[in-house]
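> Mind having a look at this structure? Questions to follow.
The values are calculated or read from the model by the stated rules, or taken from the named source; none is laboratory data. This is a predicted model, so every value here is computed, not measured. Counting neighbours? That spans all protein chains shown, and the Cβs are built from the backbone with ideal geometry, glycine included.
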Amino acid sequence: MSGFVLGIDFGGTKVAVGVADRAGNLVRQARLDTEAELGAGQVVSRALAAARDLLDGAEPAAVGVVSPGIVLPEKILLAPNVPGWENLRLHDLVAAEFAAPITVGTDVKAAGLAEARWGALAGADPAVFLSLGTGIAAALVVGGRVLTGANGAAGEIGYHLVAGVDEGFASGAAPLEDVVGGRALGLRASAALGRPVTAAELFALARRDPAAKELVSQALDELSRHVANLAITLDPRRIAVGGGLSGSNDVILPALRDRLAHAVPFPPEVVAARFPHDGALRGAIALAG
């Protein structure tokens, strides 16, 4: 494993660890449950132990680490899913384990970098990676670089305001995410259908159940409006859609294309991401490389 780079993707429910060459080709990888209810410290400890196992005694040439939220040296903002996560000094914890150069970043932005370097956004400038899952966020790629923003929060479209919501972040809400995010869709579907339903199951049910179809239609109408506004603002060449809900891209992509065709002066291509399910891990590798 000498000369290879290490990537770690800390997620709300899963952690992915991978070893890759400089071209981004994964040669070893492992996944483990976050077990968020046990706190933040144990997640990092178990991930670093898994990384050591994958490296088999070797030292990585570089390490990339990604997490939800905005990763600062002394804390992590906008990442509420794991108790204590906001207080982590993530760079320092990883640096205590490895002597190699370490780069930390936001998972969706890193996934956008991976798509721009090796995936569906290669050669497209500007471009957008749209991550649809439990959360909703975008990575804006300009000149081959992912736009971070003044505070590291560029592309955090989950906080977009929706009709009837005036306060947004100040009130503790993420308005768009609370309408079209995977967790929100699952809760709404469960209430409407009278039994536990995940967002992925909702999309499948929408093919035959009128109530499920209406819920999906409302969510995609709201989502596509915001993506259209984003496309008008940035004028991207291409938008790639990934994340946990991308298994329903057969429904999502046509809805986005239709709205953009009618609303955007110069509609971009809308395509599936090359790395729909491991984009953040690939992004960690890209940061390390």
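> Considering only segment 178-289, give the helices (runs of 4 or more DSSP H) lying wholly within it that have at least 3 residues that are of a type in the set (A, V, I, L, M, F, W, C) and closer than 18 Å to GLY158 by Cβ.
Output list reads 182-193, 210-234.
> Of the numbered conditions (1) of a type in the set (Gly, Ala, Ser); (2) more than 22 Å from ILE252 (Cα to Cα); (3) at pLDDT below 95; (4) out of contact with any Pro (no Cβ under 6 Å at 6 or more places or on another chain), GLY168 fails exactly one; give the number of that condition.
Of (1) of a type in the set (Gly, Ala, Ser); (2) more than 22 Å from ILE252 (Cα to Cα); (3) at pLDDT below 95; (4) out of contact with any Pro (no Cβ under 6 Å at 6 or more places or on another chain), only one is false for GLY168: (4).
> Can you say whether ILE76 is touching a helix residue (DSSP H, G or I) at 6+ places or on another chain (Cβ under 7 Å) and either surrounded by fewer than 18 Cβ atoms within 10 Å (Cβ to Cβ) or closer than 27 Å to ALA153 by Cα (or both), as far as the supplied structure shows?
Judged against the criteria, ILE76 is a match.
> Only one of ARG52, ARG117, ARG89 is within 20 Å of ALA30 (Cα to Cα) and of a type in the set (D, E, K, R). Can you tell me which?
Unique residue meeting the criteria: ARG52.
> For a quick check of your reading of the model, give me the residue pairs whose first member lies in segment 7-24 and is more than 11 Å from VAL66 (Cβ to Cβ), whose second is among the hydrophobic types (A, V, I, L, M, F, W, C) and at pLDDT below 90, with beta-carbon atoms closer than 9 Å and at least 6 apart or on different chains.
GLY12/ALA36; GLY12/ALA79; GLY12/VAL82; THR13/ALA36; VAL19/MET1
> Find all pairs meeting these conditions: Cβ atoms under 7 angstrom apart; at least six residues apart or on different chains; first residue within segment 30-55 and in the same structural domain as ALA284 (by TED's automatic domain parsing) and of a type in the set (S, T, N, Q); second residue assigned to a strand (DSSP E or B) and at pLDDT 95 or above.
THR34/VAL15
> I'd like the residue in segment 269-286 that is surrounded by fewer than 23 Cβ atoms within 10 Å (Cβ to Cβ) and touching a residue at least 40 places away in the same chain (Cβ under 8 Å) and, out of all such residues, is farthest from VAL227 (Cα to Cα).
ASP278
> If you don't mind, there's one more thing I want to ask. Name the residue that is nearest to the chain's Cα centre (by Cα), counting only residues in segment 15-39 that are loosely packed, with under 13 Cβ neighbours inside 10 Å and assigned to a strand (DSSP E or B).
Once the filter is applied, the top-ranked residue is ASP33.
One line per residue, one yes/no per condition, for (1) assigned by TED's automatic domain parsing to the domain that holds ALA261; (2) over 24 Å from ARG259 (Cα atoms); (3) surrounded by fewer than 17 Cβ atoms within 10 Å (Cβ to Cβ); (4) touching a residue at least 24 places away in the same chain (Cβ under 8 Å):
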| residue | (1), (2), (3), (4) |
| --- | --- |
| GLY182 | yes, no, no, yes |
| LEU185 | yes, no, no, yes |
| ALA191 | yes, yes, yes, no |
| ARG195 | yes, yes, yes, no |
| PHE203 | yes, no, no, yes |
| GLU214 | yes, no, yes, no |
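> Let me ask you something else. State whether the residues of segment 154-161 include one that is among the acidic types (Asp, Glu) and surrounded by fewer than 23 Cβ atoms within 10 Å (Cβ to Cβ).
For segment 154-161, residues among the acidic types (Asp, Glu) and surrounded by fewer than 23 Cβ atoms within 10 Å (Cβ to Cβ): absent.
> In addition: Name every residue in segment 40-70 that is part of a strand (DSSP E or B) and either surrounded by 23 or more Cβ atoms within 10 Å (Cβ to Cβ) or over 19 Å from the mean Cα position of the chain (by Cα) (or both), in order of residue number.
Within segment 40-70, ALA62, VAL63, GLY64, VAL65, VAL66, SER67 qualify.
> Take segment 231-268 and flag every residue that is farther than 30 Å from VAL197 by Cα, touching a strand residue (DSSP E or B) at 6+ places or on another chain (Cβ under 9 Å) and either polar (S, T, N, Q) or surrounded by 20 or more Cβ atoms within 10 Å (Cβ to Cβ) (or both).
Answer for segment 231-268, where residues must be farther than 30 Å from VAL197 by Cα, touching a strand residue (DSSP E or B) at 6+ places or on another chain (Cβ under 9 Å) and either polar (S, T, N, Q) or surrounded by 20 or more Cβ atoms within 10 Å (Cβ to Cβ) (or both): ALA231, PRO236, ARG238, PRO268.
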